[in-house]
Every structure is written in structure tokens, then in C-alpha cells.
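Report on the following structure.
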Amino acid sequence: MTDTALMSIPGPVDPVPVARDITPRADGRVDLMGVSMKRLIELFGNAGLDPKQAKLRAKQVYHWIYHRGVTDFDAMTDIAKTMRPWLAERFVIGRPEVVEAQHSTDGTRKWLLRTADGHDFEMVFIPDADRGTLCVSSQVGCTLNCRFCHTGTMKLVRNLTAGEIVGQVMLARDALGEWPKGSMAGLDDAEDAGHYSSDGRLLTNIVMMGMGEPLYNFDNVKAALRIVMDGDGLALSKRRITLSTSGVVPMMARAGEEIGVNLAVSLHAVTKEIRDEIVPLNKKYGIDELLTACAAYPGASNARRITFEYVMLKDKNDSDEDARELVRLIKQYGLPAKVNLIPFNPWPGAAYETSTPERVRRFSEIVFEAGISAPVRTPRGRDIDAACGQLRTAAEKKSRAERDREAAAAA
Ligand code: SAH
Ligand code: SF4
């Protein structure tokens, strides 16, 4: 199916993403995944319900979809039995299709997902002792071509819809079995209320660090995260959500004001020369502009610091001098910051090597001694290619024919 225009790839700098609505379904029904309460009321009104009914039903359906994870109208027990087939005739509650689910020896899980119009993208779940982080994709591929990033080498790029973004979180909750149980009527019961805290849950945090640049798909990312943060939706606190950008300066203030989640910035270099090379967007929005935007980021404070991601590339950006310059810049702009040092995850054909562990340690010490937290991120899920920057769908790693043969053999 080719019912959607693919995003053009105009070059390494500042691409214009193609706005995209819900993919039309062959059976004419509307997929409600990713639809806001306001839109739900409109859809029900257009389908013939009077305004009062539309509002009431929207409220119920919204709750069942996003808070309870229900995918079948028949399970919506507080909606009249006769009303349920009426809904099922007109609407569906979809999920991204799972093409492949992989489990790493370290507990990391990776899913290869497919959109209704046949584009593959990935999602990763990383369990830790005190938290479980879901790494969510915002685009199929990425237009930005950072030199060290495998996703940036994908040819096919399109924005994911709000439904495809929130659908990832829904799918993860399905897979982890983490939907609140019981009837809606019991929501206020003390017993049921226990289900609503993050205590004991596996999925506690979300990072927009999968495939793609979230600030080049602002509207859909915002719509999806609004539902994720909504107390009547997935009810995840904005303090547990982090959006990572490679530095789309003009969208940063809006991200803070309109979404309000934690900010991570992929800095990776402290000089124009090196950042121009490894993050080509730097030619458009330079380091000074980027750090000025960070200093102005709404909601940043010592309690909610900005994370600077720094991929450690051997002999490229990992010297003592680089570390000292990083500290100087953070202090110059007065940034409430922490630094995340990411040892480069190599992939076939990459132009860089990983810094030695001693180099990473020394770099971390210099930053830490200046009073800035600088943990080294341990690569997770390496055996299933789930680590940072390795997301590039199996569709492109293996040929389609190869996978069809595998599927046939499995069947
Ligand atoms: N596009 C956004 C978010 C997705 S990338 C961004 O660039 O911030 C998530 C993080 O993984 C970024 O910090 C990115 O620079 C890092 N990354 C990409 N490729 C990597 C690799 N091969 N090794 C280590 N980190 C990588
Ligand atoms: Fe895109 Fe981020 Fe990869 Fe750069 S690091 S190519 S912005 S996904």
C-alpha cells in the first residue's frame, strides 16, 4: 500500500517534514489510536450522536482505550450492549503490528513494528533495578544523518502519527501486562488505586530516543505525549518522560511550554569543526544558539536538569581538553546540567571507533570534578542490536525475501 507520501530527503540540514493524517483503512473504519478527547467527541458527533451523548461516550471510550488498554468495544462494560456494535462498525482500536519481538540476555527487549502502510520502525524496553525505560521512536528513519548514527543512514523517512507513537507505549503495556484491572466503577476504591502508582510497575519512564528527531515531528509527538501524560490517559508523570533532540533550536521553547517534559540534548562535541562533522544540523544551529536555547528552556532547574548526551568517539571528541571545554560551556551558560557519556556503539561501515574505557573514565572524572554529574551509560541489549543509535530496521539489514523465507519456515 502506498497511500502516504514519503517524506523527501532534501539533504543533511533542516528537512521539512510532511504533515500526515491518520492512514485511511480499507474497511472505512476509523482507528481511534492516538485520537484526543476533543477529536473523539467530534468523531462521535459526526457519526450521528447528539452533543451530550457524544461527550459522554467519548469520555468513556477514551478512558477504556488509554487508561485500561482495551482494544475491543465489547469489553467496555459501562457502555450499553446495543451501543457497542454501533461503535465497532465505525471504529477500531489499533496497535502497531509486531513483526518481531526480541529478548536480550540482559533483559532488554526490542520490537520491530510495522505501520498500517508497511513501514518498519523499532521500540526498545530497558529494565533496570529501580526503573524500566521505554525508548520510543518518533519517525521511520531520520533525515539528519549524524555521522555516528545508524538510524541516520536509513533511506526511507516518514513521520510517525500520534497513534503510532502512543501505540508504542500501549503495546509495551500490553506486552508487560500492566493495565489496571477491575471495573470503572471501582476506580476510586483504595484497592484499585494501587494500580495507578508507578510502584511495582516495570514501565516507569519514557525516552523519545528511538528512531527519528522528535522536534521534526512536533505536532504528533506533542499529541501522543499529551495522552501519555493525561491522568485519564496513560497517566505517566511528565517528570518521567524525556525528549531528546539533536538541537532543533526553533522548536525547543515550544517543546518546554507545550509538552513540558525533561529535555535531553545531543551535544556530542564542543567545537564548531567537530560538531559540524558529526551532527550536521550544527551548520544550521550552532553551539552558542543551542546552549542559549537550553538556558531558556522552560522548566529547567537544578531539580530538573537538562541532560547533555555525549557519544564518545575515539580521538574525535574525547580529549581532556574537550572535557574541560564542555565544563566551561555549561558554566558559561549557567546551565542546570548533567552529562550522559555514551560509549559509541559501532555498526558495520561506521567511520568511528569507541573511545577506550580509560579515556571515557578520565573524561567523566574531569566533568565530575567540576561538580557536574557525568555517568557513563552502559550499552544495553547489544546482542539484539538494541543499543543507542543502532536502531535501523531489520527490513533494511535483511532482505525482504530473506525474512519471507524465515516466516514461511516458521509457519
Ligand atoms: N534524534 C534524537 C533522538 C534519537 S537518538 C537525538 O539525536 O537526540 C538518541 C541518542 O542516541 C542520541 O543522543 C544519539 O546521538 C545517540 N546515538 C546515536 N547513534 C549512536 C551510536 N552509534 N552510539 C551511541 N549513541 C548513539
Ligand atoms: Fe537522527 Fe538522532 Fe540519529 Fe542524529 S542521532 S541521525 S538526529 S536519530
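Computed from the coordinates by the stated procedures, all read-outs in this text should not be read as laboratory data. Just so you know, these numbers come straight off a predicted model, no measurement behind them. Note that we place each Cβ from the backbone using ideal geometry, even for glycine, and neighbour counts take in every protein chain shown.
Subtracting the Cα-Cα distance of Glu321 and Lys272 from their residue separation scaled by 0.36 nm leaves 16.2 nm.
Across region 259-267, rounded Karplus estimates of 3J(HN,Hα) from the backbone phi angles (6.51 cos²θ - 1.76 cosθ + 1.60, θ = phi - 60°) give 10, x, 8, 5, 10, 10, 10, 7, 7 Hz, Gly and Pro being marked x. Placing R0 at 25 angstrom, the Cβ-Cβ distance between Arg328 and Val376 gives a FRET efficiency of 0.75 after rounding to 0.05. For region 250-256, backbone phi angles converted through the Karplus equation (6.51, -1.76, 1.60; θ = phi - 60°) give residue-by-residue couplings of x, 9, 5, 5, 5, 4, x Hz, Gly and Pro being listed as x.
Under 5 Å from the amide H of Thr143 lie the amide H atoms of Glu213, each residue being 5 or more positions distant or on a separate chain, with H modelled from the backbone and absent for Pro and chain starts.
For Phe308, nonlocal amide neighbours, meaning residues 5 or more places apart or on other chains whose placed amide H falls under 5 Å from its own, are Val265, Lys338, Val339, Asn340.
Here the simple spin-label model places points 7 Å from the Cα toward Cβ, and for Arg201 and Asn46 these points are separated by 3.1 nm. Taking a straight line from the alpha carbon of Lys52, these lysines sit under 16 Å away, with near neighbours fewer than eight places off in the same chain left out: Lys38. Restricting attention to region 97-410, the count of lysine pairs at 8 or more positions apart or across chains with alpha carbons under 24 Å apart stands at 27.
Measuring r between the beta carbons of Lys238 and Thr71 and using R0 = 35 Å, the FRET efficiency lands at 0.85.
Using the Karplus relation 6.51 cos²θ - 1.76 cosθ + 1.60 with θ = phi - 60°, the per-residue 3J(HN,Hα) values for region 103-109 come to 10, 7, 5, 8, x, 5, 10 Hz, with x marking Gly and Pro. Averaging the sequence gap over all C-alpha pairs within less than 8 Å and six or more residues apart, then dividing by the number of residues, gives region 97-410 a relative contact order of 18 percent. Between Leu56 and Ala296, the C-beta separation translates, for a Förster distance of 56 Å, into a calculated FRET efficiency of about 0.85.
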